[in-house]
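The values are calculated or read from the model by the stated rules, or taken from the named source; none is laboratory data. Bear in mind the structure is a predicted one, so any value in this text is a computation, not a measurement. As a convention, Cβ positions derive from the backbone with ideal geometry for all residues, glycine included, and neighbour counts pool all protein chains shown.
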Amino acid sequence: MVNIPIVVDAKGNEFLELVSINESEIRNLEFEAPITHALVIVTCRDKVLLMFNKYNQCWELPGGVIETGEAPRQCAVRELHEETSQTVKEIVFKGLMKFHLQPSFHGLERIEFGALYTAELDTITDFQENEEAEQIVWWDRISDIGDINEIDKKLTEYV
């Protein structure tokens with residue numbers, strides 16, 4: 001079966017689908033490709049948190065690669081804090097994102113899965129610039145703030 005992409009980014013990476021499963025099933029199921037990363041869509045007062053990635057030179061959702069021995073949920077919380085200085089009390093699992101990725105420094109052309117979470121933030125912490133993130137913004141999903149990763153922009157609709 002050929003998956004028609006939901007959205008394709010400027011590099012040709014394809015977001016194929018959001019697989020709806022219970023988070024507890026992740027350990028017990030075998031997938032056609034690895035679960036390599038986790039992203040979190042954080043909202044506050046109807047705005048979405050984006051970070052400006054210094055390497056990719058665009059706005060992205062917070063998240064990153066799952067470290068050895070780390071659960072996707074732990075990765076999402078850790079990456080959120082590392083990249084944006086924000087801490088959430090609770091995150092909600094939305095499903096597994098399936099991607100068809102183009103060759104990059106992460107590897108050859110491949111299929112990968114990523115865990116998607118959402119969270120609501122009550123208190124905003126002062127942002128500290130770091131190795132990966134130059135700044136953060138609370139985006140209203142309408143305003144032109146510059147280049148936003150096309151896949152991440154689409155993912156904000158899953159809140």
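Annotation: of all residues in region 95-126 being in a loop (DSSP other than H, G, I, E, B) and of a type in the set (D, E, K, R), the one that is surrounded by the fewest Cβ atoms within 10 Å (Cβ to Cβ) is D126. Considering only residues in region 5-52 that are touching a Leu at 6+ places or on another chain (Cβ under 8 Å) and assigned to a loop (DSSP other than H, G, I, E, B), the one that is nearest to K153 (Cα to Cα) turns out to be I6. Across region 100-159, the qualifying residues are those that are more than 17 Å from P62 (Cα to Cα) and in contact with an Asp or Glu (Cβ under 9 Å, 6 or more places away or on another chain), and the one among them that is modelled with the lowest pLDDT is H106.
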